[in-house]
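Structure first, commentary second.
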Amino acid sequence: MYSFSFSVAVPLSASYGYEVEAQDDPVVHTFKNFAATAIPAATPEQAVLLMLFPFLLRIPDWLPGSSLKREANRTRDLAIQLTEIPYRYAEERLVTSNERPITTMVSDHLTRVPNHTDQAQRARDIFDLKKTAVSSILAGSDTVLSTLMAFTLAIVLNPRVSKRAQAEIDTVVGTDRLPHFGDRPALPYVNATIREVLRWCPPAPLGEMISKLRLLQRVWKLSLAGIWHATSNSDVYNDDWTQDCATGTTVVANIWAMSRDEARFPNAEDFVPERFLNDGDEYALSFADVPITDQGIDTLAFLEASEGVVRLFKLLENPAFAPVVNDINGNITKVRTRYLSNPTKSATLELLTLNEQSEKKNTATEGMMWLFRGLSFTQQSLHTAQSDSKIELSKAFEKGYGDSLGKHHNFIVRGVFSLAMNACPKRNDFYTKLAADPDGGPAVASADVNGELDKWLQALDKNVAQMRKVYKERGYGEI
Ligand code: HEM
């Protein structure tokens, strides 16, 4: 029951900001009743009955054979309650709460739904918002529940994994508090265990969430297995997809096949988190995915994306960049340490610095300034390399350095940097490494590498410009 409540609590919190009661929560209760009524009702037999005799939904309640109609009505009523109760909660909180409500899918969209003079349009917008939000309860609860179940099974079957993960948590987090997302980078084994759970038992093996659809498919001969996608451009998949994949081609992701790929995951049926430790394929958040709200740049996402820059420099495997990497790493740690000391008041970079300054402290604010100078160096150097395909990397980095970090370093450090650039890797080697597949597969086409790099740089530009402005306006220093 606890796992069930928790699994419903996750989407309710993310989409509505609704925190469930530990016991007897009304929304959890409604969802439980809904699932208990709707799922058994959606059987192939019922579907065939209704398809052949649609009038069954119209017969009076007192007639024998009307149970189908009564079940349908009850399911509909529960679905309406499930849509309305958490939505009204989020709507009321937005209006009545003195505190600024945390940003959730519903609160964010409600503040953005225009106050149409056209009331009919506003009603349509609200209708869409309600339906989209409730779909996250359906999409999020089953997936989270089955992940928890798979995790429990994996841990029971593999006590050595449980011991190692627990030891890591005890060392990093201690025993007097629970872990939170800020601890994630310091818990590599726990992260690897979660990734292995999702690989070992993917909750949506064909991108499919409602297994009942498979049954209906058999009855109605519909191709419902999996969530369909259509290609928005024509494409070629690997070299072995002999036919070009035209625009509009239907594609279903076969997550199960990927998770059982013996070349990538030897002994794929075994539960082995170690396969995700230092596999060089760790998830690096792109700056393009760092949320920027009216409260500012999301701190944790920003720090994760900044760690991606460290990886980029490490890819160059060149001692010339060691001081930059150490500098960026050190400043990431300063900002993260501040975040961990007060996560609720540090949700965005803007809030974190404001809160630190209010305590007359400066460590993270200063660390962040140097972090942004380091990012600005990366940004400007790579922009130069991207805009001139003939320029050598050493020249691009020297120029980037002069326009960013160099302005804040003394002549000794500038001299050291200039010397180090003699060992800078060749342009071709850098781009070849960016395109290479760490698993030994075919390299990515250079047009795609350039496209991705440009997208990443544009997003980085936005982050740097925003914080440069904040630092200037608040008088924290020049980025
Ligand atoms: C372990 C947890 C989860 C897994 C493995 C998972 C997996 C998936 C997959 C495979 C899809 C289909 C993607 C596609 O093919 O387009 C999907 C879609 C979706 N998921 Fe999740 N999900 C999880 C948790 C959640 C949670 C917690 C929420 C809500 C807060 C959520 C909301 C959604 C929604 C709304 C869609 C549909 C998106 C669209 O229309 O494009 N999921 N999920």
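The values are calculated or read from the model by the stated rules, or taken from the named source; none is laboratory data. The structure presented is a predicted model; accordingly, all values stated were derived computationally and were not measured. Here the Cβ is made from the backbone with ideal geometry for all residues, glycine too, and neighbour counts use every protein chain on show.
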Problem - Entirely in the stretch 285-384, the helices (runs of 4 or more DSSP H) that have 2 or more residues that are under 20 Å from the mean Cα position of the chain (by Cα) - result: 299-315, 322-341
Handout entry: Flag for residue 80 being part of a helix (DSSP H, G or I), of a type outside the set (Ser, Thr, Tyr), closer than 30 Å to residue 111 by Cβ and away from the ligand (no atom under 16 Å from the Cβ)
Key = yes
Handout entry: Condition met for residue 193 (outside the structural domain of residue 339 (by TED's automatic domain parsing), within 16 Å of the ligand (Cβ to nearest atom), within 26 Å of residue 87 (Cα to Cα) and of a type in the set (Val, Ile, Thr))
Key = no
Practice task
Could you tell me which residue of the stretch 1-53 is nearest to residue 103 (Cα to Cα), considering only residues that are within 16 Å of the ligand (Cβ to nearest atom) and not in a helix (DSSP H, G or I)?
Solution key: 17
Completion exercise
Residues of the stretch 108-162 being away from the ligand (no atom under 16 Å from the Cβ) and touching a residue at least 12 places away in the same chain (Cβ under 8 Å), in sequence order, are 110, 111, 113, 125, 126, 157, 158, 161
Problem - Residue within the stretch 180-201 that is at pLDDT 90 or above and of a type in the set (Gly, Ala, Ser) present - result: yes
